[in-house]
Every structure is written in structure tokens, then in C-alpha cells.
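*Asks:* Here you go, one structure.
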Amino acid sequence: MALERTFCIVKPDAVEANKAGHILAHLEAKGFTLVAFKKTTLSRATAEGFYAVHKERPFFGELVEFMTRGPVVIAVLEKDNAVADYRAAMGATNPANAEEGTLRKLYAKSIGENAVHGSDSLDNARIEIAWFFAGSEVTAL
Ligand code: GDP
């Protein structure tokens, strides 16, 4: 299995609930290395750009309001098979369908306020990491 990096956002609901550290510790316990992480607040333009693929969806406005209402913690995670393994650790988009022990089962409130984001492919992971972290903040893979 190849060493990969993926991109994580601890969303505003989980940061507000003081769960950001719990979530990063949960991921470290599962073997992910934190290559880089920081707390920041997404601008409307950043959130709209990040979720542009969903701009025609009825929940787009709600999603942008949610993602900009308070700070998030963004992180680069590294592990063998990191993209798929982090998606598995996150659980289903709707926490009602998420497996026991997943981050969304543990920390998410609803399909909208679902605690964490994770890249859905290696290509998107590269794009998302480069969008949020400068080369000087991320050591070479
Ligand atoms: P993900 O890859 O599991 O995060 O899921 P998607 O790419 O399908 O959706 C992106 C994000 O949009 C989700 O994580 C939710 O925060 C939000 N979202 C998806 N579906 C809904 C919905 O039906 N209602 C609301 N309010 N938000 C949604």
C-alpha cells in the first residue's frame, strides 16, 4: 500500500463543541500522522469555492453559512492508504447511517452539521491540500 496524504477539516460544529483535539487524537490513534494543522475561519469566498461542486444543490446556501459561522481546524493527514482509510474513519455523510465508532457517529449532529470533511480521492486530496497549505508548511512526502 502506498503512503498517501489526505485533507481533513474539523467543521465548525465540532470545533464549537471543543472536539477538535479529540478528533485529531482519534485519527492519530488510528495511525494517521499530522503533517500540518491549523485553526482558521473560512471566508464566504473560500467556502463557496471549496464546495463549488455542490453549488446547484438545494443545501448549498445552508452549507456555506454553516462552514463560515466559526473556526475550523484544517489538517493534512499521512498514512498508507490515507484517502480511503480516513473516509472509513469518518463514516457516512449522514450520521444516522454512520457505523459505530466512526467520527460522524461519535460527533456529528445531522447530515449538514457532520463534524468532519475528508477528500474523496487522491487527486482531490492534492488539490485541497495545495489550496489550504503553503508548500513551506508541508514537508515533502
Ligand atoms: P461528504 O463527502 O461525506 O462530506 O459528502 P458530500 O460531498 O455529499 O457533501 C458535502 C457536505 O455537504 C456534507 O459533508 C454536508 O456537510 C453537506 N450536505 C450534504 N448533503 C446535505 C443535505 O442534504 N443537507 C445539508 N444541509 N447539508 C448537506
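*Asks:* Counting only pairs 8 or more places apart or on different chains, how many lysine pairs in the chain have C-alpha atoms closer than 18 Å?
*Replies:* Close lysine pairs found across the chain: 12.
*Asks:* Taking amide H positions as placed in the peptide plane 1.01 Å from N, state which residues far from Glu4 in sequence (5 or more) or on other chains have amide H under 5 Å from it.
*Replies:* Lys79, Asp80, Asn81, Ala82
*Asks:* Solvent-accessible area of His54, probe 1.4 Å, all protein chains present, reported in Å² to the nearest ten, please.
*Replies:* Using a 1.4 Å probe on the heavy atoms, I get roughly 50 Å².
*Asks:* Using amide H atoms built in the peptide plane, which far-off residues or other-chain residues are under 5 Å from Val116 H to H?
*Replies:* Those qualifying (amide H under 5 Å, at least 5 residues apart or on another chain) are Lys11.
*Asks:* Which whole-number percent is the relative contact order of the chain (Cα, under 8 Å, 6+ apart)? Present the calculation step by step, with values, prior to reporting the outcome.
*Replies:* Values: 230 pairs, mean separation 52.4, N = 141.
With pairs under 8 Å counted, the relative contact order is 37 percent.
*Asks:* Let me ask something else about it. Can you work out D for region 40-131 in µm² s⁻¹ from Stokes-Einstein, where Rh is the Kirkwood radius over C-alpha pairs, the temperature is 10 °C and the viscosity is 1.306 mPa s?
*Replies:* Numbers: Rh = 14.0 Å.
The estimated diffusion coefficient comes to 113 µm²/s.
*Asks:* List the residues whose amide H sits under 5 Å from the amide H of Val72, counting only those 5 or more places along or on another chain, with H placed 1.01 Å from N in the peptide plane.
*Replies:* Thr40, Thr41, Leu42
*Asks:* Given the options Leu34, Asn81, Gly61, identify the residue whose Cα lies farthest towards the positive end of the charge dipole of the chain (+1 on Cβ of Lys, Arg; -1 on Cβ of Asp, Glu).
*Replies:* Gly61
*Asks:* So how much accessible area does Lys38 have, in Å² to the nearest 10, using a 1.4 Å probe?
*Replies:* Accessible area of Lys38: about 60 Å².
*Asks:* Do the sum for the chain: with -39,500 (n - 2.57) for every DSSP H run of n ≥ 4, divided by all residues, what is the mean residue ellipticity at 222 nm, to the nearest 500 deg cm²/dmol? Could you put the intermediate results ahead of the total?
*Replies:* Numbers: 7 runs with 56 residues, N = 141.
For the chain, the value works out to -10500 deg cm²/dmol.
*Asks:* Quick one: how many Å² of Lys79 are accessible to a 1.4 Å probe, rounded to 10?
*Replies:* Surface accessible to solvent at Lys79 totals approximately 40 Å².
*Asks:* Here is a further query. Which ³J(HN,Hα) values in Hz, rounded to whole numbers, follow from the phi angles of region 25-42 under the Karplus curve 6.51 cos²θ - 1.76 cosθ + 1.60, where θ = phi - 60° and Gly and Pro get x?
*Replies:* Those phi angles translate into 5, 4, 6, 4, 5, 8, x, 7, 9, 7, 6, 7, 7, 7, 9, 8, 10, 6 Hz.
*Asks:* In whole Hz, what ³J(HN,Hα) sequence does region 52-68 give by Karplus (6.51, -1.76, 1.60; θ = phi - 60°), x for Gly and Pro?
*Replies:* 4, 4, 9, 5, 8, 7, x, 8, 4, x, 4, 5, 5, 4, 4, 6, 9
*Asks:* Residues of region 93-132: accessible area per residue at 1.4 Å, in Å²? Present the calculation step by step, with values, prior to reporting the outcome.
*Replies:* Values: 2220 Å² over 40 residues.
Normalised by residue count, the accessible surface of region 93-132 is 55 Å².
*Asks:* Tell me, what HN-Hα J-couplings in whole Hz come from the Karplus equation 6.51 cos²θ - 1.76 cosθ + 1.60 at θ = phi - 60° for each residue of region 106-113, using x for Gly and Pro?
*Replies:* Running phi through 6.51 cos²θ - 1.76 cosθ + 1.60 with θ = phi - 60° gives 6, 10, 8, 9, 7, 4, x, 8 Hz.
*Asks:* Separate question: Classify region 28-83 as rounded, prolate or oblate from the Cα gyration tensor: take a ≥ b ≥ c as the square roots of its eigenvalues, call it rounded if a/c is under 1.5, otherwise prolate when a/b beats b/c and oblate if not.
*Replies:* Prolate is the answer for region 28-83, as a/c is 1.5 or above and a/b outweighs b/c.
The values are calculated or read from the model by the stated rules, or taken from the named source; none is laboratory data. Keep in mind it's a predicted model, so treat the numbers as computed, not measured. Ideal geometry is used to build each Cβ from the backbone, glycine not excepted, and the neighbour counts take in all protein chains shown. Quick note on the areas: whole protein, heavy atoms, side chains included, nothing else; ligands and nucleic acids left out. Shrake-Rupley method; radii C 1.70, N 1.55, O 1.52, S 1.80 Å.
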